[in-house]
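Below is one structure, written out as C-alpha cells, with a few remarks after it.
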Amino acid sequence: MLHRVIYASEAVGATGTSTLSIAQILGVSDRNNRRDRISGCLMFHEGHILQALEGGRADLDRLLRRILADPRHTALRILSDMPVPERCLPEPMRLCDDPATLLGQLGLPGLSSLTAREAEALLDLRKAA
C-alpha cells in the first residue's frame, strides 16, 4: 500500500538558503529515494521547510527516522500521514520552484503554522504547476 507523509520543520543555519545546501540535499535525497522507491517534493521558505513524500509504509518510516535525526532542521511536525491510491509525486525528489507564489495563491503567509488541509492544498497547486 502506498502512503503520503507531509511534514513541516524549521531550517537550521544555512539550510535551504544557499544554492550549495539545496543542491546537496536534493542530490542525496534523489539517490536515496530512488533506492527506496520514494518520491517527493521539497519547499524552503523564509527559514521553514515543507516536504511531501510518497512510498511504502516501511520505507517512509525508515526515511522519517533519518529525517528526525538530521541536524539541518528542528521542530518537525507531521501534518499529514495517510494511505493514497496512487502517486501524485512522480519524481524521486523535486524542489518547488516558487514557494512564495504558491503560498500567495492560497493566501498563506508562510510555512510556520500550516495545517494538514493547507499542506495538501499546496501539494495540489504544485501538481497543477
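The values are calculated or read from the model by the stated rules, or taken from the named source; none is laboratory data. Note that this is a predicted model, so its numbers are computed, not measured. Neighbour counts run over all protein chains shown; Cβ positions are idealised from the backbone, glycine included. For the accessible areas, the whole protein counts, side chains as well, though only heavy atoms, and no ligand, DNA or RNA atoms are used. Shrake-Rupley method; radii C 1.70, N 1.55, O 1.52, S 1.80 Å.
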Restricting attention to helices (runs of 4 or more DSSP H) lying wholly within region 1-118, give those where 2 or more residues are in contact with a Leu (Cβ under 9 Å, 6 or more places away or on another chain), at pLDDT 95 or above and not acidic (Asp, Glu). 19-36, 57-69
Residue satisfying condition, being surrounded by fewer than 20 Cβ atoms within 10 Å (Cβ to Cβ), in contact with an Asp or Glu (Cβ under 8 Å, 6 or more places away or on another chain) and β-branched (Val, Ile, Thr), within set Val84, Val5, Val12: Val84
Which of the residues belonging to region 47-81 are in contact with a helix residue (DSSP H, G or I) (Cβ under 8 Å, 6 or more places away or on another chain), over 22 Å from Met1 (Cβ atoms) and open to solvent by less than 20 Å² (accessible area, probe 1.4 Å)? Leu50
Would region 36-46 turn up any residue that is free of Cβ contacts under 8 Å to residues at least 60 places away in the same chain, open to solvent by 60 Å² or more (accessible area, probe 1.4 Å) and under 15 Å from Met93 (Cα atoms)? yes
Of these, Gly27, Gly56, which one is of a type outside the set (A, V, I, L, M, F, W, C), out of contact with any Phe, Trp or Tyr (no Cβ under 6 Å at 6 or more places or on another chain), in contact (Cβ under 8 Å) with a residue 40 or more places away in the chain and more than 19 Å from Ala119 (Cβ to Cβ)? Gly56
